[in-house]
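Inspection log for the structure reproduced underneath, given as structure tokens.
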Amino acid sequence: MNMNIKEWAAKVRAGEVRAISRAITAIENHVPEAEALLRELFPHTGQAYLTGVTGAPGTGKSTLVDRLAAHHRKRQERVGVIAVDPTSPYSGGAILGDRIRMQGHAGDAGIFIRSMATRGFLGGLARSTAEVALLLDAAGKRQLLIETVGVGQDEIDIVRLADCVLVVLVPGLGDDIQNMKAGLMEIGDVFVLNKADREGADRLEEQLHAMLSLVMPRDGWHPPVIRTVATENRGIEQLAETVEKFRKHFEASGEREKKHVEHWQNRLIEMLESRLLERVLGGKEGEERLRELAVEVSARRKDPFTAVSEILEKK
Ligand SMILES: Nc1nc2c(ncn2[C@@H]2O[C@H](COP(=O)(O)OP(=O)(O)O)[C@@H](O)[C@H]2O)c(=O)[nH]1
Ligand SMILES: [Mg+2]
């Protein structure tokens, strides 16, 4: 099928599932058409609200996303879910599970779910995720939920894309707060104390508040702690309201514009890095060349500075 870019973009904007799926595949494979398509779509983006959900495996992120998505659907809002956690098939979640099936059969464009797990050679996961978010934004999804496992830098880069970052914690993981990466603490706009039905919820909440009191509030926002029991749909309403409050806070305070400029400054740097890397190392040859040089450097036959110069000079 040889669709031109304009036609393809129109189909994406109309929410056609097949056109969107094809576009995501193109983005993941970094094919040139993806960029052309996103250029065409970009003027139609900027309407979606991105909520990033991160936390250790098993804390209930998928269940929470599932419930939040249902909450938005009840309000007739179109939802996009991007699961960057490869262990999140959304098969157990009854609601989204049904939606996926509905999507296949009835072409329900109200919700779109996609897992992304490809970790490319050039670490393009954050870039791909950001581009898929733009795509779903152009496709009219007003609420975008991005789930990641909050461990590595890659994941932190991804959630930083979000307008609002939810950090999910659960009681009973021992001294997990102490083990929590400082970076994660800093990026959280709202802390979700999930599995609040379990023992130790009060203590965890106390610990969290104590720790949060040491974090400088950003632009007058003190990250709140919201208790939820995702499996029983408890606290979901309040969580959604808190996200909405956060959104309004930034819109009202005029910080939104500043945040967006900062966001795009980071994005432009990331895109530059990614494009430059692709230019000098792109393709199979580049990958092999890098590997060869790494062997040389590791064996002390060549210094890394010379190796980098050689790559840049394409020797
Ligand atoms: N007791 C309890 N279990 C929960 C709660 N939320 C999720 N779970 C369960 O925790 C497990 C992991 O949930 P999942 O959403 O897959 O976690 P994820 O790895 O963070 O995405 C599943 O068995 C859920 O049913 C909760 O609030 N209370
Ligand atoms: Mg999950």
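Quick one: GLY15 ticks every box in (1) assigned to a loop (DSSP other than H, G, I, E, B); (2) under 25 Å from PHE246 (Cα atoms) except a single one, so which number is it?
Result: GLY15 passes all but (2).
Looking for whichever is touching a residue at least 12 places away in the same chain (Cβ under 8 Å) and either under 23 Å from PRO57 (Cα atoms) or among the hydrophobic types (A, V, I, L, M, F, W, C) (or both) here; the options are LEU169, LEU268, LEU214. Which one fits?
After ruling out the rest, the residue left standing is LEU169.
Of everything in the stretch 255-308, what is outside any helix (DSSP H, G or I) and surrounded by fewer than 11 Cβ atoms within 10 Å (Cβ to Cβ)? Give them in sequence order. Walk me through how you get there before you give the answer.
Going residue by residue through the stretch 255-308, those that are outside any helix (DSSP H, G or I) are 282, 299-303.
Matches in the stretch 255-308: ALA299, ARG300, ARG301.
Can you tell me which residue in the stretch 45-85 is farthest from ligand 1 (Cβ to nearest atom), limited to those that are within 9 Å of VAL149 (Cα to Cα) and not basic (Lys, Arg)?
VAL84
What about ARG22, is it open to solvent by 50 Å² or more (accessible area, probe 1.4 Å), within 16 Å of ligand 2 (Cβ to nearest atom), assigned to a helix (DSSP H, G or I) and at pLDDT 90 or above?
No.
How about the stretch 220-248: which of its residues are assigned to a helix (DSSP H, G or I) and open to solvent by less than 50 Å² (accessible area, probe 1.4 Å)? Break it down stepwise before answering.
Pass one, the stretch 220-248, residues assigned to a helix (DSSP H, G or I): 230-232, 236-248.
Correct list: ALA230, ILE236, LEU239, ALA240, THR242, VAL243, PHE246.
Output the number of residues of the stretch 130-172 satisfying the condition of being aliphatic (A, V, I, L, M), under 25 Å from ILE226 (Cβ atoms) and not in a helix (DSSP H, G or I).
13
Filter the stretch 38-54 down to residues that are touching a residue at least 40 places away in the same chain (Cβ under 8 Å) and in a helix (DSSP H, G or I) and give me whichever is surrounded by the fewest Cβ atoms within 10 Å (Cβ to Cβ).
First pass over the stretch 38-54, keeping only residues touching a residue at least 40 places away in the same chain (Cβ under 8 Å): 38, 41-42, 44-54.
Cutting the leftovers down to in a helix (DSSP H, G or I) gives us 38, 41-42, 44.
Details: LEU38: 21, LEU41: 21, PHE42: 13, HIS44: 15.
Selected residue: PHE42.
Is at least one residue of the stretch 239-262 within 16 Å of ligand 1 (Cβ to nearest atom) and under 27 Å from the mean Cα position of the chain (by Cα)? Quick ask: steps written out before the conclusion?
Here is the first cut: in the stretch 239-262, the residues within 16 Å of ligand 1 (Cβ to nearest atom) are 239-240.
Among the residues that remain, those that are also under 27 Å from the mean Cα position of the chain (by Cα) are: 239-240.
Within the stretch 239-262, one or more residues are within 16 Å of ligand 1 (Cβ to nearest atom) and under 27 Å from the mean Cα position of the chain (by Cα).
The values are calculated or read from the model by the stated rules, or taken from the named source; none is laboratory data. What you see is a predicted model, and the numbers here were worked out from it, not measured in a lab. Glycine also receives a Cβ, built like all others from the backbone with ideal geometry; neighbour counts cover every protein chain displayed. We work out accessible area using only protein heavy atoms, side chains counted, and drop any ligands, DNA or RNA first. Shrake-Rupley method; radii C 1.70, N 1.55, O 1.52, S 1.80 Å.
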